[in-house]
Amino acid sequence: MKMRTRILVPDDQGLQDACDLLAQGEIVAIPTETVYGLAADARMAGAVAKIYAAKGRPSFNPLIVHLPDLAAVARYAVPGPQARLLARHFWPGPLTMVLPLREDAGIASIVTAGLDTVGVRVPAHPVAQRLLRAYGGPLAAPSANPSGRISATTAAHVADPETGLGGRIAAVVDAGPCAVGVESTIVGWSRDGRPALLRPGGIAAEAIESVLGCPLLRPALDPAAPNSPGQLASHYAPRASLRLDAPAPMAGEIHIGFGPDSPRGGLNLSRRGDLTEAAARLFDMLRRADADGRPIAVAPIPEEGLGAAINDRLRRAAAPR
Ligand code: TXA
Ligand code: MG
C-alpha cells in the first residue's frame, strides 16, 4: 500500500487539504507541541484502522483523542472535579487524561480498544488548534512513528520512508520542530477515584500533584492504580543498542551527553544541563545517534521534573526487545 505522502504547509489551503483528507477517511500526520501525531477521525473505524496498519501497532493499544477545548472534551468523556481542575491549569498543553467514555460519544471502539474509558488531550500547538477547530470533529492520534520506534519531532522524521511513515500515510502537515519533544503526561483515576500517573511526560508530575494537593498513584508501585495498556517495556527503540547512565563512552560507542561535564566531541542533550531543552532534543538526538550505526551510550539524567519523562523513554529504548 505504497502511496505518495504529501507535505502540507500549515496555511489555510494546507489545513483545508488536511481536513478534506481526514473527512475522506485518510490519515494525516499533524504537529503538536509534544511530538507529531498520526491523525484520523475518531468516529471512523476504517480510518483509525489505517493508523494501526501504518504504524504496525498492536491492536490492544488505545489511542488518544485530540479536541480543541474542554467543552469539546465533555461531548465525548465525563470529566470529574479533579479533571476539570487539571484542565483549567494545564489545557491547552501536554496533559492527557483518561476519563469515562460517554455512552453517546460515537467514538469508534477501535480507538479505545474496547475500554469504557477514553484518553483525551487538548494540544496547545497553534496549528493543531486551528486544524481541530477547522475540522470540527475528534481526531484520534498516536505518535507518528512506526510502532515501538523513536517518536517523530519534525515532519522530516515522519516522512522518512526508512525510519518513519513516508509512503504509508496520505500527508504530513509541516510546522517545524516540536517545542516540548516528549509525549504528554497521562493521568487517570482508580476505580475508587484516586488520581494516578499513567505515563510521565511533558508536564512534570510534581506540578500536577501541587495543583491537586495530593500525590499521584504510581501504577508500578500501587496495585489500585488503573493500568495503561500500551506502556510496553520496549518502546522508542533505536536500531542500535543503548547503554544508560554512561558518564562517558566506551571504545566504539557514540555518546549522548548531558550537562557541562559530559565529554566534548559527542552529542549533548543540553550542555547547560537544562531538562526542558534536553526533552525537546531527545528524539532527534536518538535518531542522529542511531544513524551513526555505533552502539549508543547516554549520560545519566536527573530524575526530577521533565527528567522523569526523559528517563522513562530512555529505559524503554534500552529495554530488551
Ligand atoms: O503527546 C502525546 O500524547 C502524543 C501526541 C500525538 O498527542 N500522543 C501519544 O499517543 O503519545 P500514543 O498513542 O503514542 O500513546 C497513547 C497512550 C497509549 O499507549 C496508552 O497507554 C494510553 O495512551 N491510553 C490511551 N487511551 C487510554 C485509555 N483509555 N486507558 C488507558 N490508557 C490509555
Ligand atoms: Mg507513541
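Conditions tested, residue by residue: (1) more than 30 Å from GLY46 (Cβ to Cβ); (2) buried (at least 18 other Cβ atoms within 10 Å of the Cβ); (3) within 16 Å of ligand 2 (Cβ to nearest atom); (4) basic (Lys, Arg).
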| site | (1), (2), (3), (4) |
| --- | --- |
| ALA144 | no, yes, yes, no |
| ALA155 | no, yes, no, no |
| GLY164 | no, yes, yes, no |
| CYS178 | no, yes, yes, no |
| GLY181 | yes, yes, yes, no |
| GLY201 | no, yes, yes, no |
- When the stretch 101-135 is checked residue by residue, the ones that are closer than 20 Å to ALA87 by Cβ and free of Cβ contacts under 8 Å to residues at least 60 places away in the same chain are LEU101, ARG102, ALA105, THR112, VAL118, VAL120, VAL122, PRO126
- Task: Please tell me if ALA83 is away from ligand 2 (no atom under 16 Å from the Cβ) and either closer than 30 Å to GLY14 by Cβ or touching a Gly at 6+ places or on another chain (Cβ under 9 Å) (or both).
- Result: no
- Out of (1) surrounded by fewer than 23 Cβ atoms within 10 Å (Cβ to Cβ); (2) away from ligand 2 (no atom under 16 Å from the Cβ); (3) touching a residue at least 60 places away in the same chain (Cβ under 8 Å), what's the single condition that is false for PRO138? (1)
- Collect the residues in the stretch 270-291 that are surrounded by fewer than 16 Cβ atoms within 10 Å (Cβ to Cβ) and touching a strand residue (DSSP E or B) at 6+ places or on another chain (Cβ under 9 Å), keeping them in residue-number order. ARG271, ARG288
- Task: Please list, ordered by first then second residue, the pairs with beta carbon atoms under 9 Å, 6 or more apart or interchain, first in the stretch 167-186 and free of Cβ contacts under 8 Å to residues at least 60 places away in the same chain, second away from ligand 2 (no atom under 16 Å from the Cβ).
- Result: none
- Which one of these is in contact with a strand residue (DSSP E or B) (Cβ under 8 Å, 6 or more places away or on another chain) and away from ligand 1 (no atom under 13 Å from the Cβ): ARG199, ARG194? ARG194
- Query: When you go through ALA71, ALA18, ALA40 one by one, which is the residue that is not in a helix (DSSP H, G or I) and not aromatic (Phe, Trp, Tyr)?
  - Reply: ALA40
- Note on the structure: In the stretch 139-162, residues that are away from ligand 1 (no atom under 11 Å from the Cβ), in contact with a Lys or Arg (Cβ under 7 Å, 6 or more places away or on another chain) and not in a helix (DSSP H, G or I) total 2
- When ARG75 is evaluated against the numbered criteria (1) more than 24 Å from GLY202 (Cβ to Cβ); (2) under 19 Å from the mean Cα position of the chain (by Cα); (3) of a type outside the set (Asp, Glu), which criterion, by number, is the only one it fails? (2)
- Item | Residue check for ALA278: touching a helix residue (DSSP H, G or I) at 6+ places or on another chain (Cβ under 9 Å), closer than 24 Å to ALA159 by Cα and without any contact (Cβ under 8 Å) to a residue 40 or more places away in the chain | yes
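Since every read-out is calculated from the coordinates, none of them should be taken as a lab result. Given the structure is predicted, the values throughout are model-derived calculations rather than measurements. For neighbour counting, all protein chains shown are included, and Cβ atoms are generated from backbone atoms with ideal geometry for every residue, glycine included.
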